[in-house]
Amino acid sequence: MCSAALSSQPTASAGIVRVVLDVPLDRQFDYLNPGLDIRLGNRVVVPFAGRQLIAIVMALPEKSEVPANKLKAVLQVFDDVPFDDATLKLLRFCADYYHYPFGQTVLSSLPLRLRQIKPAVSRKMWMYALAQAVPEGLAGKRQLVLARLLTLLQQHSECSEAQLGEVSSGWRKNIQPLLDSGLVSRREVVAIRPSLAASGHEPTLNNEQAHAVKAILDQADRFQPWLLFGVTGSGKTEVYIRLLQAVLAEPRSQALIMVPEINLTPQLEGRFRSRLSQFSLVTLHSHLSESERLQHWQAAQSGEARIVIGTRLSVFTPMPHLKLMILDEEHDSSYKQQDGMRYHARDVALVRAKQCRIPVVLGSATPSLESWYNALGQTAGPAATHKKPSYRLLTLKHRAAAQAQLPRIFCVDTTHSPPEAGLTPQLKQAITLRLQRGEQSLLFINRRGYAPVLHCSACQWLADCRRCSAKVVLHLRQRLLRCHHCGDEQPVPLQCPSCGNADLRPVGQATQRVEETLQQLFPQARVARVDRDTIQGKDALTELLSAVHAGKVDILIGTQMLAKGHDFANLTLVGVLDTDSALYSPDYRASERLFAQLMQVAGRAGRGDKPGEVLIQTAFPQHALFAALQQQDYAEFANSLLQERITLQFPPAAYIAVMKAEAADYALVEQFLTDLTQSAREFVAQHADAFPEKPMIYDPVRPGIARLNRMERGYVMLQCGQRGALQQLLQAAVAWARQHPMQAKIRWVVDVDALEY
Ligand code: ADP
Ligand code: ZN
Ligand code: ZN
């Protein structure tokens with residue numbers, strides 16, 4: 001690919017080029033076309049405020065409102081495939097709905113390489129193959145590299161550059177004469193990882209699965225959201241695979257599968273690759289190199305990749321023949337972007353499916369209350385739901401593999417059996433039993449580090465973060481106190497900074513400390529810890545998982561990283577160490593999240609033919625959440641939560657948006673937010689007829705972490721029963737904020753459908 005450079009004698013009257021830029025201004029900019037071949041959706045380079053920036057062409061109008069002598073000319077146009085209308089339409093919707101500048105919305109959806117002033121060339125990749133039989137004695141005695149390359153080519157029908165590169169870094173030099181002589185041929189490929197040979201047996205679907213597949217395929221030609229509600233191991237993935245096989249049977253059609261965090265679920269990717277090996281598949285996630293990301297993105301955009309598996313950002317990937325979208329673990333909060341444009345990939349996926357008129361399948365064992373609400377009608381749902389169901393509900397009630405039983409779940413009352421170093425006698429006994437039987441155990445604690453608090457017993461001093469209003473976590477091995485909010489690290493003090501006492505003690509449990517305890521209690525056991533401190537990068541986790549599968553680990557201790565999607569046949573015990581803080585959290589979503597997490601982690605036990613057992617240590621065994629969990633009855637629990645939300649007018653029964661602001665000085669934040677609430681209230685009063693249901697505009701408050709990274713924070717919540725009315729109010733509020741004189745001194749953002757404040 002080449003790029004057309006600025007012609008030396010621009011023809012001035014070639015029209016106007018209207019573009020968007022990656023700048024925080026919500027408007028488009030006009031430039032002159034100096035006679036370049038520019039099409040809608042093209043990437044161009046323009047001068048802006050003394051710099052050169054990448055821009056995307058939105059319109060090619062005849063005239064501009066800016067006088068021609070004030071307009072600058074486009075400098076360069078790249079001839080890569082332009083943005084298509086469908087993708088731009090989706091991005092337009094998001095910019096409006098999330099109140100984020102359109103230019104930034106568009107440009108941030110692109111791979112980094114396309115945001116740079118360079119042609120989007122992905123390096124050419126070739127596959128090599130023998131074209132003729134290798135003549136005897138071709139490689140001389142000393143030509144070791146050549147000999148090995150030939151052997152490799154003889155063993156495989158085709159070899160990638162990476163494969164040949166493993167022989168020697170000098171492989172290219174050796175292979176060139178073979179290409180010249182015609183002994184070896186090569187073909188250019190997009191750098192898509194070759195799929196594995198078809199493998200994995202195809203189970204006969206059970207009735208529930210077959211019904212789900214048929215129901216969706218019967219309506220594959222139209223927009224319809226489906227909620228596939230099935231306990232862990234009920235065969236949801238198998239349903240996805242059948243849907244993909246059917247939809248992709250149509251030539252050229254494409255499918256997008258979204259997962260919360262791809263590096264945590266290498267098994268899932270492997271299953272898709274082996275069962276759908278005839279279709280080219282690319283992944284899109286943060287562990288790719290920039291050039292891989294570009295290649296994969298381009299493969300999706302060109303239609304060459306038939307399947308894309310990606311994390312939340314992949315929802316914006318242009319796919320010209322998109323026929324099906326699947327969101328696995330749709331309840332997972334990592335689908336929500338927490339900075340920049342704060343979109344929710346599930347909601348964007350729904351909008352996209354509607355625009356493309358295709359089905360979208362949301363799968364979960366513990367659906368988000370949003371989706372649950374949308375899937376329930378007046379008949380099935382709680383009496384107070386007056387909503388018409390817009391999603392269709394498909395339920396898989398049983399584990400699919402015949403022998404696999406749902407695990408039995410027990411609570412251990414910590415008020416009667418106090419834990420020692422985090423473990424109750426019952427849990428210790430259960431672990432001992434597993435060790436005797438040669439089975440595996442998994443202990444779950446959602447806190448990494450050694451201990452959550454460092455405490456002075458003399459003066460009650462607690463170690464705080466220097467930059468945040470939060471406690472720092474003790475990481476003993478590195479001898480550090482680390483803030484899990486801002487990442488700041490400080491050395492562990494030798495004595496109390498407040499009273500000089502040298503007896504500082506770690507309080508509470510976290511993964512490192514539990515690991516230490518386990519090693520002391522069970523010196524013969526092989527213990528492995530899994531959290532963000534031990535597992536960095538995709539390979540580390542894959543390695544650990546294969547060690548578990550190979551039976552090289554007896555006890556796993558870890559955070560929620562362990563909860564997702566892994567399938568360990570010999571794991572029969574799950575112990576949950578401490579969840580009580582989440583039971584009575586002020587965050588109204590905490591119990592929804594906790595239930596999902598516990599259900600998921602419980603689902604790790606008894607996946608094979610041995611029954612599983614789950615022990616939950618809690619001081620509140622009577623809590624309704626545990627009762628529902630023991631019955632594995634999410635529906636019942638979700639209905640009661642939903643009833644509560646309806647009564648309180650919380651999402652999903654109402655819509656919220658949060659205006660967040662921060663500055664070095666809280667007085668500024670408070671002033672700004674107070675002005676905001678006032679003007680928003682005035683706006684509502686003045687436009688009373690636009691708001692049949694009056695929105696709530698709350699007073700400014702401070703979040704749980706009031707100071708983060710030296711910034712003082714506050715927010716205002718806006719709430720309304722109607723999405724449209726809330727949007728109107730937000731539009732006014734954002735326009736107001738963009739004009740506010742204090743706008744330069746503070747940072748503010750809007751978080752529509754916020755999950756956290
Ligand atoms: P989920 O995605 O709901 O957790 P999976 O699709 O991973 O469930 O299925 C769980 C296990 O059951 C897998 O090992 C899978 O191969 C197996 N399985 C799925 N469907 C069937 C079926 N119809 N018959 C037998 N085994 C099945
Ligand atoms: Zn002290
Ligand atoms: Zn901090």
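Numerical summary
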item	result
Qualifying residues in the range 467-489 (those that are away from ligand 2 (no atom under 16 Å from the Cβ), part of a loop (DSSP other than H, G, I, E, B) and of a type in the set (A, V, I, L, M, F, W, C)) - the one nearest to Asn446 (Cα to Cα)	Cys483
All strands (runs of 3 or more DSSP E) inside the range 212-318 with 1 or more residues being over 22 Å from Leu112 (Cα atoms)	224-230, 254-258
Of the criteria (1) open to solvent by less than 40 Å² (accessible area, probe 1.4 Å); (2) under 23 Å from Asn42 (Cβ atoms), which one Met127 fails	(2)
Elements of type helices (runs of 4 or more DSSP H) in the range 602-708, at least 2 residues being open to solvent by 10 Å² or more (accessible area, probe 1.4 Å) and at pLDDT 95 or above	666-686
Hits in the range 247-269 - residues which are within 16 Å of ligand 1 (Cβ to nearest atom) and either modelled with pLDDT of 85 or more or in contact with a Gly (Cβ under 9 Å, 6 or more places away or on another chain) (or both)	Ile257, Met258, Val259, Pro260, Ile262, Leu264, Thr265, Gln267, Leu268
Output for the range 478-503, where each listed residue is of a type in the set (A, V, I, L, M, F, W, C) and either open to solvent by less than 30 Å² (accessible area, probe 1.4 Å) or within 25 Å of Thr534 (Cβ to Cβ) (or both)	Leu480, Leu481, Cys483, Cys486, Val492, Cys496
Search result, residues across the range 461-481 that are polar (S, T, N, Q) and either within 14 Å of ligand 3 (Cβ to nearest atom) or under 27 Å from Thr618 (Cβ atoms) (or both)	Ser469
Residue check for Gln254: touching a residue at least 60 places away in the same chain (Cβ under 8 Å) and open to solvent by 20 Å² or more (accessible area, probe 1.4 Å)	no
Residue within the range 356-371 that is within 13 Å of the chain's Cα centre (by Cα), under 29 Å from His99 (Cβ atoms) and in contact (Cβ under 8 Å) with a residue 12 or more places away in the chain present	no
Residues (more than 23 Å from the chain's Cα centre (by Cα) and among the basic types (Lys, Arg)) located in the range 530-557	Lys552
Residues that are out of contact with any strand residue (DSSP E or B) (no Cβ under 9 Å at 6 or more places or on another chain) and within 22 Å of Arg747 (Cβ to Cβ), drawn from the range 97-135	Ser108
In the range 140-181, the residues that are in a loop (DSSP other than H, G, I, E, B) and either basic (Lys, Arg) or in contact with a strand residue (DSSP E or B) (Cβ under 6 Å, 6 or more places away or on another chain) (or both)	Lys141, Arg142, Glu158
Subset of the range 323-351 [over 25 Å from Glu592 (Cβ atoms) and open to solvent by 10 Å² or more (accessible area, probe 1.4 Å)]	Lys323, Gly340
Residues being closer than 12 Å to Met127 by Cβ and either open to solvent by less than 30 Å² (accessible area, probe 1.4 Å) or in contact (Cβ under 8 Å) with a residue 60 or more places away in the chain (or both) - total across the range 146-159	2
Gln440 more than 16 Å from ligand 2 (Cβ to nearest atom) and exposed (fewer than 13 other Cβ atoms within 10 Å of the Cβ)	no
Hits in the range 50-94 - residues which are assigned to a helix (DSSP H, G or I) and open to solvent by less than 30 Å² (accessible area, probe 1.4 Å)	Thr87, Leu88, Leu90, Leu91, Cys94
Pair list, Cβ under 7 Å, 6 or more apart: the range 30-53 residue at positive phi, other residue among the β-branched types (Val, Ile, Thr) and part of a strand (DSSP E or B)	Gly41/Ile56; Gly41/Val57
Within the range 395-436, tally of residues that are in a loop (DSSP other than H, G, I, E, B), polar (S, T, N, Q) and surrounded by 15 or more Cβ atoms within 10 Å (Cβ to Cβ)	3
Scope the range 448-460; condition within 16 Å of ligand 3 (Cβ to nearest atom) and either open to solvent by 40 Å² or more (accessible area, probe 1.4 Å) or touching a helix residue (DSSP H, G or I) at 6+ places or on another chain (Cβ under 9 Å) (or both); matching residues	Arg448, Gly449
Pair list, Cβ < 8 Å and 6+ apart or interchain, from the range 489-506 residues that are closer than 15 Å to Val472 by Cα and without any contact (Cβ under 8 Å) to a residue 12 or more places away in the chain to residues that are within 16 Å of ligand 3 (Cβ to nearest atom) and not in a loop (DSSP other than H, G, I, E, B)	Glu489/Leu480; Glu489/Leu481; Glu489/Arg482
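The values are calculated or read from the model by the stated rules, or taken from the named source; none is laboratory data. Worth saying up front: this structure is predicted, and the values here are computed from it rather than measured. Note that we place each Cβ from the backbone using ideal geometry, even for glycine, and neighbour counts take in every protein chain shown. In case anyone asks, the SASA skips ligands and DNA or RNA and just uses the protein heavy atoms, side chains included. Shrake-Rupley method; radii C 1.70, N 1.55, O 1.52, S 1.80 Å.
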